[in-house]
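Visitor: Structure incoming, see below.
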Amino acid sequence: MSENSNLKDAFTNAYELVKHNNLNEAIEQLTEILKHDSRNINALSLLVEIYIKQNNIDMTLTSIKNLLAIDSKNKRCLEQKVKIYKLLNNEIAYQDSLEILHKNYPTIESSRLLSNLLSSKGEDERSDDVIQSFFESNKSYSDLYKGIRHAKAGRVKLAEDAYKKVLKKDKNNVDALRLLGLLAFKTKNYDTAEKLYIRALTINPNFALAWDNLAKLYRIQNKLAKSIPAFKNLLKLDPNNFEALVSLGTIFTKLAKYQEGIDTYQEALLINPSNARVYLSMGHALKTLGDRSECEKSYKKAIKYFHLSGEAFWSLANLKTYKFSDLEISNMESSIQENMQSDELIQMHFALGKAYETNKDFNKSFENYKKGNWLQRKQVDYNSENHKKSIDELISFFSSNKELLQTKTGSSSADPIFILGLPRSGSTLIEQILSSHSLIEGTQELPNIMATSKKIRLIDDKKGYPNNLNDLSDSELLSFGEDYINDTKWTRSNKPFFIDKMPNNFVHIGLIKMILPNAKIIDARRNPMDTCFSCYKQYFAKGQHFTYDLDDIARYYKDYLRLMQFWNDLLPGSIYTINYEDVISNPEIEIPKLLDYCDVKFEKSCLEFYKSKRPVKTASSEQVRQPMYKTGLDYWNNYSDNLEILIKHFPEYEK
């Protein structure tokens with residue numbers, strides 16, 4: 001009998017042993033075969049299957065390596081290799097093996113897997129190219145490829161026709177549905193995009209790219225609660241999707257689910273432990289929860305992995321009570337000599353301003369604040385004269401339409417308490433005092449009133465806001481008021497009152513009184529010199545464009561005073577004005593008066609507001625977690641030599 005015949009019989013015997021689950025005996029038989037014929041593909045292939053059954057990963061990979069050394073394009077082995085490295089969470093090996101499989105045996109499924117992997121790493125262009133190349137090389141997908149080419153060239157109608165042609169032949173083609181959804185998304189037809197993504201996912205719930213598209217669609221529309229399950233479904237299919245984890249963490253923090261956000265950021269850092277951006281975001285969430293120690297560690301990790309992170313240094317400075325070491329100041333000074341990105345450089349100057357301020361080197365401090373403000377002022381679009389005109393228009397409109405504020409046809413809800421005024425005027429302190437009461441919920445700076453004013457402006461673009469207020473019916477006023485109450489429910493629990501602390505709402509007091517006539521309004525006020533200079537020292541993550549020039553700030557403050565005087569004359573007794581200096585000097589007198597205005601009984605916890613564990617998002621978060629102090633009163637005097645512009649606007653403060 002020939003050797004080949006003996007080897008064939010031996011393999012048949014090994015195969016039978018496997019069928020009867022005698023795996024170790026089968027391995028012995030196959031090992032003997034390979035001693036005589038080391039290139040026996042059948043024996044090597046069966047060994048791979050046995051080791052997979054035994055969950056022996058190391059021997060499986062060794063056997064696959066041996067087999068591929070003989071047959072480098074063995075499809076079964078290439079597929080198994082991809083699955084194993086996916087199971088092992090070995091991202092580099094997984095991507096390498098997937099790219100080899102796709103190169104040799106391209107399928108729509110391998111295209112999707114590779115495209116999704118690249119997308120999860122932020123390589124969107126390469127991700128699109130993988131799909132496009134597959135469609136281009138596969139005749140059965142030629143119409144999809146045509147559609148992609150048209151879409152990339154901006155030929156929207158032709159792209160749409162190409163995708164619809166595919167769907168006419170196959171109404172369940174998930175790729176055509178997703179691509180048609182992408183087209184709708186890019187043209188801001190969000191409702192259509194949502195329907196198409198959901199239809200594709202109904203057909204194929206394991207279509208990771210479609211979950212990714214749907215999650216991002218919800219996020220861009222600020223439908224954050226809806227985006228959470230979409231991202232979670234994506235992560236079930238692709239648990240190592242770093243970008244999805246970071247996005248989900250950010251959504252949790254935006255929805256005030258700070259601990260869930262922190263937990264998700266930590267998951268992301270297991271995948272990419274040196275990502276400075278994630279440490280920054282996690283630091284912000286930890287700061288909001290008042291975890292000072294972990295917050296500092298997180299910001300310092302961000303600096304460790306990106307030493308030019310002006311944002312991380314400013315975030316430490318923005319804790320207000322952090323003292324930089326000499327080495328940290330030296331590192332910051334060295335950084336500004338490097339080629340820094342503009343926003344990072346601006347924040348580094350603000351951080352240096354605070355560092356020197358803490359060291360009482362007020363001239364160096366002002367020098368850095370001035371540089372940071374000037375660089376930021378050049379980037380923002382703000383005109384103090386235009387702002388003055390907008391205040392004039394408001395005053396003129398409501399002077400001629402006083403009856404609008406007497407209708408009381410909006411929502412009857414008395415739940416909201418608006419705290420407004422200028423930033424850095426003590427509004428966070430007032431919020432912390434009030435939210436320490438058992439009946440009052442502290443939320444955050446809610447954008448809803450400003451969003452409502454924009455909606456009203458768009459009713460008739462030519463007339464604009466506030467003129468369109470004249471045309472609102474009673475039912476529309478009621479609807480806007482009820483929408484505000486319903487749209488802010490996610491921010492609060494079941495307490496009867498809640499706070500909206502958006503300072504810029506002072507320009508919308510007329511609108512507030514029309515849609516929420518029973519709402520309480522508190523004007524948090526501070527002396528102009530401390531207010532204006534405190535704004536000047538503050539780098540705002542967004543908005544507040546008037547704060548980056550001392551003349552702009554002073555003019556804004558004067559316009560605020562002028563408008564508040566108008567509202568108080570028009571709505572006598574409706575607005576409660578509270579002065580920061582009075583609260584600091586006489587809290588036992590001022591706090592009970594404030595609570596009385598809010599129609600709640602005095603509670604001692606309001607005097608001990610600093611013991612509250614509630615999340616605080618604003619720049620004053622650390623300051624309101626300590627008892628009141630008077631060192632902030634007339635603090636501007638430390639910089640008086642550099643504040644001639646403010647003193648000219650407010651000469652009563654001249655020495």
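The values are calculated or read from the model by the stated rules, or taken from the named source; none is laboratory data. Everything numeric here is computed off the predicted structure, so don't read it as measured data. Note that we place each Cβ from the backbone using ideal geometry, even for glycine, and neighbour counts take in every protein chain shown. With ligands, DNA and RNA removed, areas are computed over all heavy atoms of the protein, side chains included. Shrake-Rupley method; radii C 1.70, N 1.55, O 1.52, S 1.80 Å.
Visitor: Would you kindly identify the helices (runs of 4 or more DSSP H) lying entirely within the stretch 539-602 that contain at least 1 residues that are out of contact with any helix residue (DSSP H, G or I) (no Cβ under 8 Å at 6 or more places or on another chain) and modelled with pLDDT of 95 or more?
Guide: Fully inside the stretch 539-602 and qualifying: 550-570, 587-597.
Visitor: Can you pull out the residues in the stretch 147-161 that are open to solvent by 70 Å² or more (accessible area, probe 1.4 Å), in a helix (DSSP H, G or I) and over 21 Å from ARG126 (Cβ atoms)?
Guide: Result: LYS157, LEU158.
Visitor: Still on this structure: When only residues in the stretch 562-575 that are open to solvent by 60 Å² or more (accessible area, probe 1.4 Å) and either within 35 Å of the chain's Cα centre (by Cα) or without any contact (Cβ under 8 Å) to a residue 60 or more places away in the chain (or both) count, which is nearest to ASN505 (Cα to Cα)?
Guide: The residue in question is GLN565.
Visitor: Being within 30 Å of ASN638 (Cβ to Cβ), out of contact with any Asp or Glu (no Cβ under 8 Å at 6 or more places or on another chain) and crowded, with 22+ Cβ neighbours inside 10 Å narrows it down to one residue among ILE512, ILE553, ILE578; which is it?
Guide: From the options ILE512, ILE553, ILE578, the qualifying one is ILE553.
Visitor: Just name the residue that is farthest from LEU118 (Cα to Cα) out of those in the stretch 257-275 that are open to solvent by 60 Å² or more (accessible area, probe 1.4 Å) and outside any loop (DSSP other than H, G, I, E, B).
Guide: Here the answer is GLN259.
Visitor: Identify, by number, the condition in (1) part of a helix (DSSP H, G or I); (2) open to solvent by less than 70 Å² (accessible area, probe 1.4 Å); (3) out of contact with any Lys or Arg (no Cβ under 8 Å at 6 or more places or on another chain) that GLU125 doesn't meet.
Guide: Checking GLU125 against (1) part of a helix (DSSP H, G or I); (2) open to solvent by less than 70 Å² (accessible area, probe 1.4 Å); (3) out of contact with any Lys or Arg (no Cβ under 8 Å at 6 or more places or on another chain), the one that fails is (2).
Visitor: Continuing with this model, one more query. What are the residues in the stretch 433-484 that are of a type in the set (A, V, I, L, M), surrounded by 18 or more Cβ atoms within 10 Å (Cβ to Cβ) and within 27 Å of LYS257 (Cβ to Cβ), if any?
Guide: The answer is ILE433, LEU434, ILE440, LEU446, ILE449.
Visitor: Let me ask something additional. Could you list all residues from the stretch 15-27 that are part of a helix (DSSP H, G or I) and surrounded by 12 or more Cβ atoms within 10 Å (Cβ to Cβ)?
Guide: Answer for the stretch 15-27, where residues must be part of a helix (DSSP H, G or I) and surrounded by 12 or more Cβ atoms within 10 Å (Cβ to Cβ): TYR15, GLU16, LEU17, VAL18, LEU23, GLU25, ALA26, ILE27.
Visitor: Please enumerate the residues belonging to the stretch 83-100 that are in contact (Cβ under 8 Å) with a residue 24 or more places away in the chain and either open to solvent by less than 60 Å² (accessible area, probe 1.4 Å) or basic (Lys, Arg) (or both).
Guide: Matches in the stretch 83-100: ILE84 only.
Visitor: Output the residues belonging to the stretch 214-256 that are open to solvent by less than 20 Å² (accessible area, probe 1.4 Å), part of a helix (DSSP H, G or I) and either in contact with a Pro (Cβ under 6 Å, 6 or more places away or on another chain) or farther than 24 Å from LEU286 by Cβ (or both).
Guide: Once the filter is applied, which keeps residues that are open to solvent by less than 20 Å² (accessible area, probe 1.4 Å), part of a helix (DSSP H, G or I) and either in contact with a Pro (Cβ under 6 Å, 6 or more places away or on another chain) or farther than 24 Å from LEU286 by Cβ (or both), the stretch 214-256 yields LEU214, ALA215, LEU217, TYR218, ALA230, LEU234.
Visitor: Report yes if some residue within the stretch 53-76 is surrounded by fewer than 19 Cβ atoms within 10 Å (Cβ to Cβ), over 30 Å from ALA268 (Cβ atoms) and modelled with pLDDT under 85; otherwise report no.
Guide: Checked against the condition, which is being surrounded by fewer than 19 Cβ atoms within 10 Å (Cβ to Cβ), over 30 Å from ALA268 (Cβ atoms) and modelled with pLDDT under 85, the stretch 53-76 yields at least one hit.
Visitor: Give the stretch 276-314 a look and list any residue that's more than 16 Å from TYR265 (Cα to Cα), open to solvent by less than 20 Å² (accessible area, probe 1.4 Å) and free of Cβ contacts under 8 Å to residues at least 60 places away in the same chain, or say none.
Guide: SER309, GLY310, ALA312, PHE313
Visitor: Let me spell it out: the conditions are (1) more than 28 Å from LYS53 (Cβ to Cβ); (2) of a type outside the set (Asp, Glu); (3) open to solvent by 20 Å² or more (accessible area, probe 1.4 Å), and ILE131 meets all of them except one. Which number is the exception?
Guide: Here ILE131 meets the rest and fails (3).
Visitor: Same structure again: Of everything in the stretch 174-213, what is open to solvent by 50 Å² or more (accessible area, probe 1.4 Å), in a helix (DSSP H, G or I) and among the charged types (D, E, K, R)? Give them in sequence order.
Guide: Within the stretch 174-213, LYS186, ASP191, LYS195, ARG199 qualify.
Visitor: Residue by residue through the stretch 485-509, note down the ones that are open to solvent by 30 Å² or more (accessible area, probe 1.4 Å) and either in contact with a Pro (Cβ under 8 Å, 6 or more places away or on another chain) or on the phi > 0 side of the Ramachandran plot (or both).
Guide: Correct list: PHE497 only.
Visitor: Under 8 Å by Cβ, and 6 or more places apart or on different chains, what pairs join a residue from the stretch 582-608 that is polar (S, T, N, Q) with one that is part of a helix (DSSP H, G or I) and open to solvent by 60 Å² or more (accessible area, probe 1.4 Å)?
Guide: Matching pairs, first to second residue: SER605/LYS611.
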